[in-house]
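Presented below is the structure to which this report refers.
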Amino acid sequence: QGELEHRRLKSFYKRTNKNRSFGFQVATEVRRQAVLDRIRRGIPVSSKRHGSRLIPAATGRRWRDIRVQFEEDQPLAPTVATDHHHISMEQRYPEDIDDFLQANAGDAACKDFVRNLKTHLFGRMSGGEALATDEELTNVDLARVRISQNRLYRHKVIRVNYTTYDMR
């Protein structure tokens, strides 16, 4: 068994970029293979054991996964190649913004989240021409941005079309 495992690990090494962090990359491949083996055998993969991001539910007692589960069906129609991205218009997985902020109070990414979100949306809705790059939005401008029912929606799939010229 030992020699066979060594060969298996060597096959994972071929998939790394062979820099100093190859050990981490091999470990990632081993974990990925273990998950695929569990799926192939029909054993459910526990989200707690495989690094999903969990947040407390509204009651504060139970934890729930903020991602759309793998088993959930969320088909996405074919994407037009000229579109930069494509996200479903479905609203099946709502997330209340206040609950999200409360659950992630210690997360630095949530600092000024609503203000940053409204600033981003204001720029999108105005075509990006309303602000100079160094200009700050006023509270009056931000008050004009209203988020319907104070909700965001989680999605399982996003398609991004991009062009790369890196032909290594």
Within the stretch 62-104, of all residues that are touching a Ser or Thr at 6+ places or on another chain (Cβ under 7 Å) and not polar (S, T, N, Q), the one modelled with the highest pLDDT is H86
In the stretch 4-48, anything in contact with a Lys or Arg (Cβ under 7 Å, 6 or more places away or on another chain) and in a helix (DSSP H, G or I) is listed as E29
Among residues of the stretch 1-37 being touching a residue at least 12 places away in the same chain (Cβ under 8 Å) and among the aromatic types (F, W, Y), the residue surrounded by the most Cβ atoms within 10 Å (Cβ to Cβ) is F12
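The values are calculated or read from the model by the stated rules, or taken from the named source; none is laboratory data. Since the model is a prediction, treat every value here as computed from it, not as a measurement. Counting neighbours? That spans all protein chains shown, and the Cβs are built from the backbone with ideal geometry, glycine included.
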